[in-house]
Amino acid sequence: MPNHAKGTRSEVSWDPNSIRDDFPILARTVHRERPLVFFDNAASTQHPVAVLDAMDACYRRHYANVHRGVHRLSQEASDAYDAARARVASFVGAERVDEIVFVAGTTMAINLVARSMGESGIGAGDEILLTEMEHHSNIVPWQQLAARCGARVRFLPIRDDGTLALERLGEFLSPRTRIVAFTAVSNVVGTINPVTELVARAKQVGATVLVDAAQHVPHDRTDVRAWGADFVVFSGHKMLGPTGIGVLWGRYDRLESLPPFLGGGSMITEVTTSGFVPNLPPAKFEAGTPPIVEAVGLHAAIDYLESIGLERIARHEAELTSRAIDAMSAIDGVRILGPKAEQRAGIVSFVVDGVSSQDLCVFLDLKGFALRNGHHCAMPLHERLGVPSSCRASFYLYNTLAEIDRFATTLRSEIDRLR
Ligand code: PLP
């Protein structure tokens, strides 16, 4: 049994040092032998050997195109691809395996739904409700849709503490609201949104609901059926898996009635010179050669996450986050964006009086700390918070309390130096 799998799920704390050796990249150093502290997990996460090995074995032994050949390798690759879909389905609580559509990532999934919904009846005067804390990939596809069909995009405001102004929801929901799309967890302020409540309110006015779960699925247990939305989307590379694969979960009847977005191989049952008959979901939305080896990698990533337990990962990240917020708030001039630790996931964005976020992240990098600076693909949110950019530290299962403590000490000294 691997070290990390020992013990029970009810353990209050858990030692991430027991898994760090599973991630070869964490052993490397940067800038004159500084140990790497990787705090850029909201952008993309690192890979355990189990994921690298699974993908390597697929390329070395089982690789061929899928669902296209009777030969042995094609069958092995097809079996692996289908098994990955089944694994994702059980991981997020889907009712049916064919509710899982493999796409390139969250961005692709949202574009797919926005494009397809645009062809199925949204029109002038209709409204699309988003929130002020969305990632650009959950804003721009809807703005594009609105521009095509004359609909209006509205934004549910946030409060000053980075939580959604739920008390104002009634002003924004009406029978004109055709689509409500929102993030389960903000990729900047880390706010954990009340998904079930928001979905239920949107459903009262008959809206279609899409949940951007890019920052939720990797970090906490996700049950798409309990959420009650129509679509839930997320990316493999933010949950220990490879780039190039993501997931669109859709309720089967919604996927059935949605027109296909991309045309090509696999998404049809018949093509003639006068037209085509679309395939059933999920094939209907998977035109062309799919991300085969990436699906195998995602399968291995889910197995790895489950061997630890999403509950345990969530608890560990909560501990890291509250330690980070406590230590950082004690540093003069640091303003942490977003709510108190209990209301947020493992993401802490901040600004420092008189110091540019770019300069600070460059200097932190020289000490070995990988953070992101900029607007984190959320310009409207930064505008609302009154800052052009921020530094973001985001944590995952392999980060340690000792790393947080070292970070706080280094942050303090770098701020002193830059001032
Ligand atoms: N939505 C959220 C909340 C995100 O954090 C991200 C990535 O940072 C995305 C969407 C886009 O994901 P991807 O770049 O994998 O398509």
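The values are calculated or read from the model by the stated rules, or taken from the named source; none is laboratory data. A quick note: this is a predicted structure, and the numbers were derived from the prediction, not measured. Cβ coordinates were reconstructed from backbone atoms using ideal geometry, including for glycine residues, and neighbour counts include every protein chain displayed. Heavy atoms of the whole protein, side chains included, go into the accessibility calculation; ligands, DNA and RNA do not. Shrake-Rupley method; radii C 1.70, N 1.55, O 1.52, S 1.80 Å.
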Can you name the residue in the stretch 218-237 that is farther than 22 Å from R201 by Cβ and not polar (S, T, N, Q) and, of all such residues, is most open to solvent (accessible area, probe 1.4 Å)?
R221
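From V217, V233, V211, which residue is under 18 Å from the mean Cα position of the chain (by Cα), in a loop (DSSP other than H, G, I, E, B) and not charged (D, E, K, R)?
V217
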Within the group A83, A94, which residue is open to solvent by 20 Å² or more (accessible area, probe 1.4 Å), away from the ligand (no atom under 16 Å from the Cβ) and at pLDDT 95 or above?
A83
Tally time: how many residues in the stretch 60-103 are acidic (D, E) and either in contact (Cβ under 8 Å) with a residue 40 or more places away in the chain or under 17 Å from F234 (Cα atoms) (or both)?
3
List the strands (runs of 3 or more DSSP E) inside the stretch 242-357, counting only whole elements, that have at least 2 residues being farther than 20 Å from A43 by Cα and away from the ligand (no atom under 16 Å from the Cβ).
268-272, 275-278, 334-337
Residue in the stretch 196-212 that is surrounded by the most Cβ atoms within 10 Å (Cβ to Cβ), counting only those that are hydrophobic (A, V, I, L, M, F, W, C) and free of Cβ contacts under 8 Å to residues at least 40 places away in the same chain:
V211
Given (1) surrounded by fewer than 18 Cβ atoms within 10 Å (Cβ to Cβ); (2) in a helix (DSSP H, G or I); (3) not β-branched (V, I, T), where does R68 come up short, assuming only one miss?
(2)
If a residue has to be within 13 Å of the ligand (Cβ to nearest atom), touching a strand residue (DSSP E or B) at 6+ places or on another chain (Cβ under 8 Å) and open to solvent by 10 Å² or more (accessible area, probe 1.4 Å) to count, how many in the stretch 108-138 make the cut?
3
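Would it be correct to say that R372 is open to solvent by 60 Å² or more (accessible area, probe 1.4 Å) and within 14 Å of the ligand (Cβ to nearest atom)?
So R372 fits the description; yes.
Matching residues to (1) open to solvent by 70 Å² or more (accessible area, probe 1.4 Å); (2) touching a His at 6+ places or on another chain (Cβ under 7 Å); (3) at pLDDT below 95; (4) in a loop (DSSP other than H, G, I, E, B):
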position: H4; (1), (2), (3), (4): no, no, yes, no
position: G7; (1), (2), (3), (4): no, no, yes, yes
position: D21; (1), (2), (3), (4): yes, no, no, no
position: Q46; (1), (2), (3), (4): no, no, no, yes
position: R60; (1), (2), (3), (4): yes, no, no, no
